[in-house]
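Nothing in this text is a laboratory measurement; each read-out follows from the coordinates by a stated rule. Everything numeric here is computed off the predicted structure, so don't read it as measured data. Note that each Cβ is placed from the backbone with ideal geometry, even for glycine, and that neighbours are counted across all protein chains shown.
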Amino acid sequence: MKIVDPSNPIPKYLQISAWLKDLIQSGRFKTGEKLPSEIELSDMCGVNRNTLRQAISKLVTEGMLYKRRGSGTFVSSTDEVALTHRLTRISSFRDDLAELGIREKTKLLKKGLEKAADDVARALVLPKGSQVVVIRRLRIGNETPLILEESYLPPAMFSKILKMNLTGSLYKLLSEKFSIVLARSEQNIRAVNLKNGISRQLKVSQGAAGLFMQSLTFDENNVPVEMLYSYYRGDKYVFEIEVGHYHLQDESI
């Protein structure tokens, strides 16, 4: 049984934590049950005990496992841990899932040129009625559809992208193939009910709770390079936001 693939760029401890999570969620281990010992698990995975402990610590932190001194490691919850998207930096879906040891896949639904909607043209500083590059993709983790993305790009800058493989990180393509520095992003998030084709693609019921994020990304010269509409499954995602200091208002002014 090959649990850890040494050729996989995902760290070994993340591969192990993903495997343990699959075992728990498939019903192999139920809430309150004890896992095999660290020695047994490290032998099964072909890794040293430090790597195995990293994998277990990750699931302990996420609330799926707990350790009892002198007794071993036990299942505290069989519920799937919500995925966290941090709004402290520009990151790709692939990067987010790699950190969690989740198998990522992208299904390309559409690519081409179409007339830009007025709000998209305005955001990308294009003349009204202009064409825009459209890339629509379904982002999948561990065979579960998680996000439906619609990317809009200025064709003068990115028409060649339509000839490229679009099942990987789009931000990596923009950075490496087009030498674009992704400097900042303005993001708006709101709760929505997922309807019609969106709910079908995400395999949830019509009207299911979701999150909609609109992201406008700029290069180092403050030129908008992408308008992104993302529809997230509400049962799978939480957003983590970091804020700065509280500033006391001077009411005497």
With Cα atoms, 0 to 90° folded angle of helix 12-25 axis to the chain main axis: 80 degrees
Sparsely packed GluC sites (Glu not before Pro) within segment 135-165, loop by DSSP, other Cβ within 10 Å at most 13: E143
Degrees separating the helix 49-61 axis from the principal Cα axis of the chain, which is the longest one: 60 degrees
Theoretical gain in end-to-end length, R28 to N193 [0.36 nm per residue, Cα-Cα removed]: 56.0 nm
Amide H contacts of L35 (H built 1.01 Å from N, under 5 Å, at least 5 apart or other chain): T73, F74, V75
Segment 104-120 - phi-based ³J(HN,Hα) in whole Hz, Karplus 6.51/-1.76/1.60, Gly and Pro as x: 9, 8, 10, 9, 7, 9, 6, 8, x, 10, 8, 5, 6, 4, 4, 5, 5
Fewest-first ranking of I140, I16, I24, I3, using other Cβ atoms within 10 Å as the exposure measure: I3, I140, I24, I16
Gain on full stretching of the segment that runs from F239 to S57 - 0.36 nm per residue minus C-alpha separation: 63.3 nm
Built amide H within the under 5 Å cut-off of V225, gap 5+: T217, F218, D219
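Mind putting a number on the dipole of the chain about its Cα centre? Charges go on the C-beta only, +1 for Lys and Arg and -1 for Asp and Glu, and I need it in Debye to the nearest 20.
Using Cβ point charges on Lys, Arg, Asp and Glu, the chain gives about 920 debye.
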Amide H contacts under 5 Å for Y237, placed H, 5+ residues apart: L83
Computed helical MRE - 222 nm, the chain, DSSP H runs ≥ 4 contributing -39500 (n - 2.57), nearest 500: -7000 deg cm²/dmol
Of the trypsin sites (Lys or Arg not before Pro) in segment 1-40, those whose Cβ has at most 16 other Cβ within 10 Å and which sit in DSSP loop: K2, R28, K30
Karplus-derived HN-Hα couplings along segment 193-201 (A = 6.51, B = -1.76, C = 1.60, θ = phi - 60°), whole Hz, x at Gly and Pro: 9, 6, 10, 6, x, 5, 5, 5, 5
In order through segment 26-40: 3J(HN,Hα) via Karplus (6.51 cos²θ - 1.76 cosθ + 1.60), integer Hz, x for Gly, Pro: 7, x, 4, 10, 9, 3, x, 7, 8, 7, x, 5, 4, 5, 5
Distance violations [Cα-Cα > 22 Å] among K21/K110; K67/K105; K110/K172; K107/K163; K12/K107; K58/K203: K21/K110; K67/K105; K12/K107; K58/K203
Within segment 28-55, backbone nitrogen closer than 12 Å to the virtual label 7 Å beyond the Cα of Y66 toward Cβ: 32-33
